[in-house]
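The values are calculated or read from the model by the stated rules, or taken from the named source; none is laboratory data. The shown structure was predicted, so the numbers you read here are calculated from the model rather than taken from an experiment. Quick reminder, even Gly has a Cβ in these numbers, built from the backbone with ideal geometry, and neighbours come from all protein chains shown.
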Amino acid sequence: MNITLPLRKVEKRLGFLAAEIARLRKQAAQRCPKTEPSNSLSDSAQEAMVAYLALTPALGEDALLQTLLKCAMHVVGAGGAGLTLLDSRKQKLVFRAAIGDGAEGIVGQEVPLKGSRHGLAFATGEVQTDTPMYAGVEKAAQARFRNVLVAPLQIAGESVGTISAVNKRGTGHFSADDMAAYKLFADLGAVIVRQRCREQVLRRGGAGARRSSVALPVTLAPEDRQLLELFDSVTRVRHDHPEWLPLVKQFVESMARSA
């Protein structure tokens, strides 16, 4: 029996099927191009979220912080108010936001930790009020400050900056009641600054795991640094192995239930 002819027919048929499979694979690949894993929010949506949360690069542009300074200034009857944060590299306090007297020339100006009311409040953790000890800020702001009220900004018991008021209205000086009120505003100001740091961390993570870190206005507390490291790890998993996210979620939820 001659089986050569049937085998040739089978071979021809298999060749046709192989060509058809290759064509279908190519067609499917064109319809469903391979894409990198992306965030659930588009770039435009992320930018809208950032704008909505007021995650501005400069604290001087922060609407909530500006409102805080306005309220603090009016409550104590001052002509101006400002906020400084520590530049740990220079070991100086730097004005990051200001309103009222001298505000236009004071942002960005440095104040020494020694020989200034700001530095004294920063070092002692107590509210200070008297005539200014450091004249450099007056010169830079091109304004005269008759008297100054300074309260320390503290996060987790550590000073990170100051909030100040200048030029008590009228001829008097800032009172003990003014000092007590300004301490409360300083506590609120510290909360805002810390929250902005946390929001910038989230902004960094939302932008992608490969983006360089942002410069935060203050050093994060230890617990915040641990959360940042955890957030970075999850972000890298999302970027490199999105299929692992359900396992990560399951593990974290299991740990939380057993805690």
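How about the stretch 86-102: which of its residues are in contact (Cβ under 8 Å) with a residue 24 or more places away in the chain and surrounded by 16 or more Cβ atoms within 10 Å (Cβ to Cβ)?
Result: LEU86, LEU93, PHE95, ARG96, ALA97, ALA98, ILE99, GLY100, ASP101, GLY102.
Kindly indicate whether any position in the stretch 105-112 is crowded, with 19+ Cβ neighbours inside 10 Å and part of a helix (DSSP H, G or I).
Our first condition is that a residue be crowded, with 19+ Cβ neighbours inside 10 Å; within the stretch 105-112, this holds for 106-107, 109, 111.
Next, only the ones that are part of a helix (DSSP H, G or I) stay: 106.
Checked against the condition, which is being crowded, with 19+ Cβ neighbours inside 10 Å and part of a helix (DSSP H, G or I), the stretch 105-112 yields at least one hit.
Each row is one residue, and each column tells you yes or no for (1) over 22 Å from GLY108 (Cβ atoms); (2) in a helix (DSSP H, G or I); (3) not assigned by TED's automatic domain parsing to the domain that holds HIS74.
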| position | (1), (2), (3) |
| --- | --- |
| SER164 | no, no, no |
| ALA180 | yes, yes, no |
| LEU184 | yes, yes, no |
| ARG196 | no, yes, no |
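Do the conditions hold for GLN226, that is, is it in a helix (DSSP H, G or I), closer than 19 Å to ALA156 by Cβ, among the polar types (S, T, N, Q) and at pLDDT below 75? Talk me through it step by step, then tell me what you get.
On the way: in a helix (DSSP H, G or I): yes; closer than 19 Å to ALA156 by Cβ: yes; among the polar types (S, T, N, Q): yes; at pLDDT below 75: yes.
Against the criterion (in a helix (DSSP H, G or I), closer than 19 Å to ALA156 by Cβ, among the polar types (S, T, N, Q) and at pLDDT below 75), GLN226 qualifies.
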(message) Against the condition of a type outside the set (S, T, N, Q), surrounded by fewer than 20 Cβ atoms within 10 Å (Cβ to Cβ) and under 25 Å from the mean Cα position of the chain (by Cα), how does ASP187 come out, does it pass?
(response) yes
